[in-house]
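Computed from the coordinates by the stated procedures, all read-outs in this text should not be read as laboratory data. Since this is a predicted model, take the numbers as computed values, not measurements. Please note: Cβ atoms are built from the backbone with ideal geometry, for glycine as well, and neighbour counts cover all protein chains shown.
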Amino acid sequence: MGTDCQSAICTNTVCQPPSCTDLALNGDETDLNCGGSCAPCAQGRSCSTDDDCSTANCTAKLCESGTCLDGVLRAGCPLLVDNTPYSLSPAKGLGNCIDDDQDSVSDGNAVLLRSCQDELRQTFWAMERADGYFAFRSALSGKCLHVRGASTAGGAIIEQSTCTFADDQLWKPSLVDTSVMGLTSHASGLSLNVDRDNASHEGQAIIQGQTDNRPDTTWRVTRRSTASYVTFSPDGEQGVRVQHTAGTVGLGADDRTNAQWIVVPGLSDASLVSFQSRNDPGRYLRHASFRLWSDTNDGSATFKKDASFRYGQPLVDSERLAKALESSNYPGYYWKRDGGNVSLARLANTTDDQVNATWQLSGR
C-alpha cells in the first residue's frame, strides 16, 4: 500500500518517486502538487516561502495576495477562493446564516436561515468550476447547494443534493460593494435570494429570485476559521478522536490537525462521503484488512471504494451529530472502536457493539 512508501505512492507493488502530478502531498511540496520544486500554489494554499505562491506572498503559511484583503471585495481581486470554507449571510440580515437544517445529511433537505453559529451545518466549501462559477459543498454532509428539481423558475427552493456540478449547482459571484456580493445561478440567471425578502426571520427559506442587488439578494460571504473540519469521537468520549500519523490510524486525545478531516463527496459514489486529511490533503481514510488507515489516493477503483462510506443513524441513543459509518463496498460492515484502533466489522446484536460503532461528529 501507499503507507509502505516514503512517497505514499505504490504502483504495481513498487514505491514510486514523488512527482508534481501524483495527487499526493509529498517530496518538497507545500500543498497538494504545488510549492517547493513544483509549480507555485494558488491563493489560499499552504506555503513555506513567498516562492511557493503564484501571488509571491506567503503569510501565516498561506498564499495571500498583497493587495486583496480577506473579507474586502475589490475589483480585480478574487471574490471567492477555491477549496475554501465560508458562511453565507444575507446583507439584509447579517446575524443569520444559511443553515443545513437539523444537521441533515440527506438529499432534498432544504436550507434555511438560522442565527449564525460555529457549526458544520453552516459552513460551505466553495469549489471553483469553469467560467468563474462556484459550487457550495456542505462541511457536514459533503452535498452541494442546488435548485430543487433543477428549476429555472423564480421562487424555486434551494436544497442540498449529491454534488454533480451541474448548472443548477453553480453560482457566479459578482461585486456589489466592498462587503457583499451577488450569487447568480448558472442554470436560471436568477439570484440566490431569501423567500419573501424576510432575511431577519429565523427559519426563512432560501430560494432563487430577482437579480436587483437589493439587500435580500446580496450576500456577505465570510471565510471560516472554525467549524470547517470534522472530528470523530467514540460515543460519549469527545476527548478521544480518530487521528493519524502518516498512514496509521488510531484513537487518541490529540486535537491537532492530524485528527481533523474534510468531508468530500464519496470517491467511488458522490452520494456517499469520503474523509480527506486536513494536515496531509493527499490522504483519505480507507479500510484495508478490516482496519482503518490513512492512505494516499492512487486513483484505483479499489481505493475509491475502500475510501467511501455511508452516513447512518446512530446505533444507540446519543447526542446530536452522532452517526454510524458503513463501508460502501462491504455493506453491513461499520467503523468500530477496537481498543486504541478502528476496525471495520460486522456487528453483533449487543449493546457493546452498538456503542462501539456509534461516532460523535464535532466541528473544528
With residue 209 itself left out, Lys, Arg at +1 and Asp, Glu at -1 over residues whose Cβ is under 12 Å from its Cβ give -2
Which of 60, 199, 253 moves the most in a Gaussian network model of the chain with Cα springs under 10 Å? 60
For residue 172, list the lysines whose Cα falls under 27 Å from its own Cα; do not include residues on the same chain fewer than 8 positions away. 92, 143
Any chance you could run the full-extension gain for residue 256 through residue 83? It's 0.36 nm times the residue separation minus the Cα-Cα distance, nm to one decimal. 60.2 nm
At 7 Å along the Cα-to-beta-carbon direction for both residue 348 and residue 118, put a label point, then send me their distance in nm to one decimal. 4.1 nm
With the chain treated as a Gaussian network of Cα nodes joined by springs under 10 Å, which of 89, 54, 228 yields the largest mean-square fluctuation? 54
What lysines sit close enough to residue 61 to cross-link, taking a C-alpha to C-alpha distance under 16 Å and skipping anything fewer than 8 places away on the same chain? none
Exposure proxy check on 186, 201: fewest-to-most Cβ neighbours within 10 Å is 201, 186
Would you tally the net charge around residue 314, using a Cβ to Cβ cut-off of less than 11 Å, leaving residue 314 out, and scoring K and R as +1, D and E as -1? -1
In Å, what Rg and Dmax follow from the Cα atoms of the chain? 20.8, 61
Express the relative contact order of the chain as a whole percentage, based on alpha carbon pairs under 8 Å and six or more residues apart in sequence. 13 percent
Less than 12 Å Cβ to Cβ from residue 37, Lys/Arg counted +1 and Asp/Glu -1: what total charge do the surrounding residues give? -4
